[in-house]
Amino acid sequence: MSAAVARGVRIKICGLTRREDLVACRGADLVGVVVGAPRSPRNLSWSEAEGILASARGRFLRVVVLVSPTPGEIAQAFRAGADRVQVHGAMPSGLPPGLER
């Protein structure tokens, strides 16, 4: 656990686009990727996101950032390896069982 987490502060570095970006995240608690945001220069395909999330497993909490997702897209984020989902825009109704807002 980092000193920041012990103090109640967590550090997230988001918008990763390559597995190699994980090296620069040393000391962070969470890392994030953006999926389903075609206007973002950091937007990734599910396949690209899965590769980065797999490389981050065990080293960081992994976050997928989605824009106004459907419940199915939220479920896909967890299947892709996310530990957390961050929603920008509208939060869908009818979330899959076990998910919290």
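The values are calculated or read from the model by the stated rules, or taken from the named source; none is laboratory data. These numbers were taken from a predicted model, which means no experiment stands behind them. Methodologically, a virtual Cβ is constructed for each residue, glycine included, from the backbone with ideal geometry; neighbour enumeration extends over all protein chains shown.
Select from the stretch 22-44 the residues that are within 14 Å of the chain's Cα centre (by Cα) and within 22 Å of residue 79 (Cβ to Cβ) and list them in ascending order. Give the steps one after another, and end with the answer.
First, the residues of the stretch 22-44 that are within 14 Å of the chain's Cα centre (by Cα): 22, 25, 28-37, 42-44.
Passing the criteria: 22, 30, 31, 32, 33, 34, 35, 36, 37, 42, 43, 44.
I'm trying to understand the selection: among the residues of the stretch 19-75, which are closer than 17 Å to residue 87 by Cα, in contact with a strand residue (DSSP E or B) (Cβ under 8 Å, 6 or more places away or on another chain) and in a helix (DSSP H, G or I)?
Scanning the stretch 19-75 gives 46, 49, 73, 74.
Quick one: residue 10 ticks every box in (1) assigned to a strand (DSSP E or B); (2) surrounded by fewer than 17 Cβ atoms within 10 Å (Cβ to Cβ); (3) not hydroxyl-bearing (Ser, Thr, Tyr) bar one, so which box is it?
(1)
Would you mention how many residues in the stretch 76-97 are part of a loop (DSSP other than H, G, I, E, B) and modelled with pLDDT under 95? Show your work before the answer.
Quick first cut of the stretch 76-97, residues part of a loop (DSSP other than H, G, I, E, B) only: 80-83, 89-97.
From the residues that got through so far, the ones that are modelled with pLDDT under 95 too are 89-97.
Number of matching residues: 9.
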